[in-house]
Amino acid sequence: MTSYQSELGGRSNVAEELAESQRSISIAEFFEKNKHMLGFDSGARGLVTAVKEAVDNALDATEEAGILPDIYVSITEAGDYYRLVVEDNGPGITKEQLPKVFGKLLYGSRFHVREQKRGQQGIGISAAVLYAQLTSGKPAMITSRTDGDSDAQYFELIVDTDSNEPEISVDTTTSWERPHGTRIELEMEANMRARQQLHDYIKHTAVVNPHARIEFEEPRERLKFERVTDQLPAETEEIRPHPHGIELGSLIKLLDESASHSLSGFLQSEFTRVGQKTAESIVTAFRDRHFGRELAWKPAPAPVIESTVSDVVNNKSPDATATFAQRVAGAVSEQPRLAHHECRAIVANAAEHVKSTTGATFGSTVQGHTVEAIWELILDGVESELTELIDEVTTARKSDETIDGMARRLVTKLNGVDRHRLTHDGIESFVERAATQTEQRDDVTFGETAQQKVTEGVWSISSSVPDDPPSVTAVSNDRDFASELLEAMRETDILAPPTDCLAPITDELVEEGLRKEFDADFYAATTRDAEVHGGDPFIVEAGIAYGGDILSDGSIDVLRFANRVPLVYQRGACATADVITSINWRNYGLDQPGGSGTPNGPAVVLIHVASTNVPFTSESKDAIANVPEIEHEIELAIRDAARDLKRYLKKRRSLQQRKRKRNVIADILPTMAEKLANMTDQQSLMIEDSLARIMSNVLVERTTTDDGVALTITNHTDTSAELSVTDIVSVDPGSPADATVVEMDGEWFVTWEPTVESGATARLQYDLDGEAEFDISIEGIEAEKLSVTA
Amino acid sequence: MAIDTTNQSEEMAREQLLDLAAEFYDQFADGAVPSMQIPTRTKSNIEYDEDSEVWVYGDRHSTRSAKTVSGAKKLLKATYVIDFLSTQLDEDRSSTLRELYYLSESWDHEIAQFSDQNESNQLIEDLEIVSDVSREDFHMRPEESGATLMGPLQLREQTRRGERDIHCQKDVGEGGYQIPNNPDTIEFLDNDADFVLCVETGGMRDRLVENGFDTEYNTIIVHLKGQPARATRRITRRLHDELGLPVVVFTDGDPWSYRIFASVAYGSIKSAHLSEYLATPDARYIGIQPTDIEEYDLPTDPLSDSDINALENELEDPRFQDDFWTTEIEHQLDIGKKAEQQALAARGLDFVTDEYLPTRLDEMGVI
């Protein structure tokens, strides 16, 4: 089951619904029944979940206060139970905040808030508190110290399982070495069978939170993760929901709670990206659904209207009647098309005008008759107009009879509707029925495409009605109204939600995090631009570490994160797994048996999805749901990082090949040269130059004479080489041209920075008196591409 | 005189080899990449030389260069082989191609050793081409025992035990005279022959000898033993050039036998560099011709797929581009049959000597 969890109320919503249906039972029983969904289905899992909730909480608390997190987690055996302690250096909490944070189960402090937060990921620390209490009977022990306080506060907290209300049973002061922060201690039934997952969770947390210092102690091991950056994650902004990303239940809830009266006001105040104009568009779309539109037709010519209106009006002065008729006819003829409500407005307007100029009153009865008369005239022309319209929108192959038949039948249906007021669906069903009748009686076809075109054609000549939309209260009380509103919201074009509310880890820090925890040969990371799915913005990041100390047997490791929280369970059910197995990794230089599935090799792939609302496959929030937009971005992010890996592996392979070739050639050539010298009775050969040429290397050769040294650099590679050549000499070399000389402890460092084009030769020279020792170092080129005889 | 020639050619061979080594040496000394150029030895790179009337290599070359690992390995092997050959010449010894292959196992550098005999054979061919010295002059012998000839010919052979005068009918048994590996050690003294008949199969050669065909028609019967060895081809050429004898070739009537004829007459693709020395351009094909199959109603076998393939390849082979071969090959593809020389026995054991060969030789104007 996919839970997009986009109902308002974030994490609490589903659980609340669960609780709602089970009101008659105690919270303890509710917890017991649902613990598998809450992540407490076993002692082993319960411990992981409790650690996770407490650490997420601690990280959020410190970051919100702008403090670099310093977190200590310890698990110790305590008789039959395990004791979990989590400490942070956050701002600390007051007694008043205490129940909100630790107490009431399913209390969502982030109700109505769309923000990228770790807390979105869990069920809350309160669940851990309750789990501890239910299994060990012990209260949660909380120590807190706010900055500047001389003492720390100590509380014991119990949740009343009947009322789901937290109770503070102990409230004293104590001393604590941290200047500020919070410490929570829980005792619970647990075991360490999920040790690996615990370690993974902590280690992975350290990877994506390089700004945090984390210490972890359990009965057997102790892990310590140092901080590598002082850069806190960017602060995230809360955003209101986006009209495209809301579901009906949440909409109704929002309507219920809104203080606005008008729909337009409601939309503008509750949603992001909705200003007055967008709100009007939504309301109009809603009205079109709610009331329907009125079809507008070409009015009769002005003189006809004028005389008709004159005929209809009785008992008014000829002068007033004439003014009225003229006024109406004039206004009508200005309209290319006229809907019933427009007609009414014109008539009412004319009546107003006549009253103000002649003093004659044209009351509602007269107005009514006038409108009716004009509408009668219009109806006369409807059939021919409709014929024209159908002819226009359908293909030329339709016969006149077919079109006439369609128009005739459609008119009959339309005329049965008061004021020609219809919804889109209404028109569609009329057209469909008319088409069916035409097909049956005239034995012709009038296909779906043609029907659709006629429907759209008719809809295009309709105009929205001026009726006032129902109030917010009315809409909130009627599910159908709300549903119409939701459709209108979805149909209206609205700017995508802002993406600055997201705080990606950034590619640099992803790489930094991997570098910190994995001793590899190669790292790559990428952060994609923000994208939107439904109404929620999201950002995908990916990183790859390869080689080094990473184990090379078996599958690669996949590190999954949602809003910086590691996902340690249900790896196979995750969208990331699907994406990884769908990629052809051979193309990127990794081994993939059979060409599909998880690749093998010494690599770690990291995937982070940051969103105001990460969709999960289930309530336990262990696996990201298969949302196409998110999968697509995950794939692009991975491929981006993998391309860097491919380049690296390719280069590495080519250097390895070069090395192998060098080894073989360097084995062969000297033997060959020696043999040739013997056979031809000549002196033995120097073959470095040939070797460098064969290897397409940069060759550096030294020639020393009595009064100087020359370094000859020959570039046999196919690219130009920018080198830094340092010759360390035991005798003062004076001041050679184009070189810098630094003396250190009786050694002279002579450095040149020559650029040698492909195929060219450079000569570096300096003068020297007497015997000297040399030590040369060359930078700017891979060792495999360098041959030195100096 | 013959001994002098041999010594001269040995000395020349040694010098050529050392020149090659010196060339490599100079390449190293110049800081260049050691390399050697060899003509590409494929069907597409042979062309007809109008002057010598044989097929020789065209101007497409491939380069063995130390720039690549495989090229470097080949050059190292070449260096070892050059060293070995020059020593062998110096010591006036000889060895077979197979011995060279085994001998390489004793070389100190593992990479210099040959992985199979094909490799060492090819390298010898490479050196022949580059140094312009034939492998006989390197004192490299092929494995195959030489073929035989029989006919009214008196010759003098240089053997390790001195000169021997041999008459190739009177001084030999039924088996005939064994052609030595280097036929250039032979001197022709006297002959009574009218023409040379090269025969593909042993069975047919024996039939001709048994029927006394060599005596009756004054012919030198050369046994080709399938694809003829270089010595066989060389002596054929010498019989033609030096004694002015016409040469006819008698083989089976199938595509593989046409290739035997082609290598006698035009030179083989593998040794096109020696065509001038080995090929006999005036040699003519006597049969079995595909048209004979119908004319004499010979027992046949159907053409296999590989036969058809070979025939089609021959239609594209530059050596077969004349009217006679094009017509005959196309005809054979039409009838889809092939016949062996021995198929003539269907008409009686004497048919070939009494009827088939005399008629054909008469038609060709040889007798």
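Overview of values
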{"quantity": "Residue B:117-residue A:683 FRET efficiency (beta carbon distance; Förster radius 60 Å; 0.05 resolution)", "calculated": "0.95"}
{"quantity": "Largest-first ellipsoid semi-axes for segment A:709-760, taking √(5λ) over the Cα gyration tensor eigenvalues, angstrom", "calculated": "26, 9, 9"}
{"quantity": "Cα-based convex hull volume of segment A:189-235 per residue, rounded to whole Å³", "calculated": "85"}
{"quantity": "√(5λ) per eigenvalue of the Cα gyration tensor, segment A:280-395, largest first, Å", "calculated": "29, 19, 11"}
{"quantity": "On Cα atoms only, tilt of A:448-460 relative to the major axis of chain A in degrees", "calculated": "70"}
{"quantity": "By accessible area with a 1.4 Å probe, ligands and nucleic acids excluded, highest first: order of B:223, A:261, A:242", "calculated": "A:261, B:223, A:242"}
{"quantity": "Compactness of segment A:723-790, expressed as Rg and Dmax over alpha-carbon positions, Å", "calculated": "12.5, 38"}
{"quantity": "Cα principal axis extents for segment A:219-303, largest first, Å", "calculated": "97, 27, 24"}
{"quantity": "Percent of alpha-carbon pairs separated by more than 16 Å within segment A:329-384", "calculated": "42"}
{"quantity": "J(HN,Hα) series, segment A:302-308, from Karplus relation 6.51 cos²θ - 1.76 cosθ + 1.60, nearest Hz, glycine and proline x", "calculated": "3, x, 4, 5, 4, 6, 5"}
{"quantity": "Pairwise FRET efficiency - residue A:419 versus residue A:355, Cβ, R0 = 25 Å, nearest 0.05", "calculated": "0.50"}
{"quantity": "Tail fraction, Cα-Cα pairs, segment B:61-104, threshold 18 Å, whole percent", "calculated": "39"}
{"quantity": "Loop-located trypsin sites (Lys or Arg not before Pro) in segment A:154-249, at most 10 other Cβ atoms within 10 Å (DSSP)", "calculated": "A:220"}
{"quantity": "Cleavage-rule hits, GluC sites (Glu not before Pro), segment A:31-107, DSSP coil, Cβ neighbours within 10 Å at most 14", "calculated": "A:96"}
{"quantity": "Violating pairs (Cα-Cα greater than 25 angstrom) within the set A:33/A:95; A:33/A:224; B:43/B:74; B:43/B:67", "calculated": "A:33/A:95; A:33/A:224; B:43/B:67"}
{"quantity": "Span per principal axis, largest first, for the Cα atoms of segment A:591-704 (Å)", "calculated": "86, 36, 19"}
{"quantity": "Order of exposure, largest accessible area first, which applies to A:281, A:463 with probe 1.4 Å", "calculated": "A:281, A:463"}
{"quantity": "Overall Cα dimensions of segment A:38-79, principal axis frame, Å, largest first", "calculated": "36, 24, 9"}
{"quantity": "Per-q log10 I(q)/I(0), segment B:254-367, q = 0.12, 0.13, 0.21, 0.22 Å⁻¹ (Debye; single scatterer per alpha-carbon; no solvent)", "calculated": "-0.47, -0.55, -1.24, -1.30"}
{"quantity": "Relative intensity, log₁₀ I(q)/I(0), of segment A:591-658 from a Debye sum that treats every alpha carbon as a point, q = 0.21, 0.23 Å⁻¹", "calculated": "-1.06, -1.15"}
{"quantity": "Rg in Å to one decimal, and Dmax rounded to a whole Å, for the protein assembly as shown via C-alpha atoms", "calculated": "50.8, 158"}
{"quantity": "Trypsin sites (Lys or Arg not before Pro) lying in DSSP loop within segment A:379-413, provided at most 15 other Cβ fall within 10 Å", "calculated": "A:397"}
{"quantity": "Cubic angstrom per residue, convex hull over Cα atoms of segment A:527-644", "calculated": "98"}
{"quantity": "20 Å Cα-Cα reach of residue B:338 towards lysines, excluding residues that sit fewer than 8 places from it in its own chain", "calculated": "B:225"}
{"quantity": "Helix A:628-680 vs. chain A, principal-axis angle (Cα, 0 to 90°, nearest 10)", "calculated": "30"}
{"quantity": "Cα-based equivalent ellipsoid, segment B:1-129: semi-axes from gyration tensor eigenvalues, Å", "calculated": "23, 22, 16"}
{"quantity": "Nearby lysines by direct alpha-carbon distance to residue A:277 (threshold 30 angstrom, same-chain neighbours under 8 apart not counted)", "calculated": "A:253, A:298, A:453"}
{"quantity": "Relative intensity, log₁₀ I(q)/I(0), of chain B from a Debye sum that treats every alpha carbon as a point, q = 0.08, 0.12, 0.13, 0.14 Å⁻¹", "calculated": "-0.46, -0.97, -1.10, -1.22"}
{"quantity": "Residue-span extension gain [residue A:77 to residue A:775] - 0.36 nm each, minus C-alpha spacing", "calculated": "245.2 nm"}
{"quantity": "Förster radius 35 Å - calculated FRET efficiency between residue A:460 and residue A:269, Cβ distance, rounded to 0.05", "calculated": "0.60"}
{"quantity": "Residues of segment A:687-723 with amide N under 18 Å of the 7 Å Cα→Cβ point at residue A:760", "calculated": "A:697-701, A:711-723"}
{"quantity": "Farthest positive-ward along chain B dipole, Cα basis, beta-carbon charges - from B:298, B:357, B:129", "calculated": "B:129"}
{"quantity": "Solvent-accessible surface ranking, highest first, for A:789, B:63 at 1.4 angstrom", "calculated": "B:63, A:789"}
{"quantity": "Prolate/oblate/rounded label for segment A:676-790 (Cα gyration tensor, a/c 1.5)", "calculated": "oblate"}
{"quantity": "Tilt relative to chain A, helix A:507-517 - C-alpha long axis, 0 to 90 degrees, to 10", "calculated": "50"}
{"quantity": "Estimated distance in nm for a label pair at residue A:235 and residue B:48, the labels positioned 7 Å out from Cα along Cα-to-Cβ", "calculated": "9.5"}
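The values are calculated or read from the model by the stated rules, or taken from the named source; none is laboratory data. Since the structure is predicted, the reported quantities are computational estimates derived from the model, not experimental observations. Please note: Cβ atoms are built from the backbone with ideal geometry, for glycine as well, and neighbour counts cover all protein chains shown. All accessible areas refer to the heavy atoms of the entire protein, side chains included, with ligands and DNA or RNA removed. Shrake-Rupley method; radii C 1.70, N 1.55, O 1.52, S 1.80 Å.
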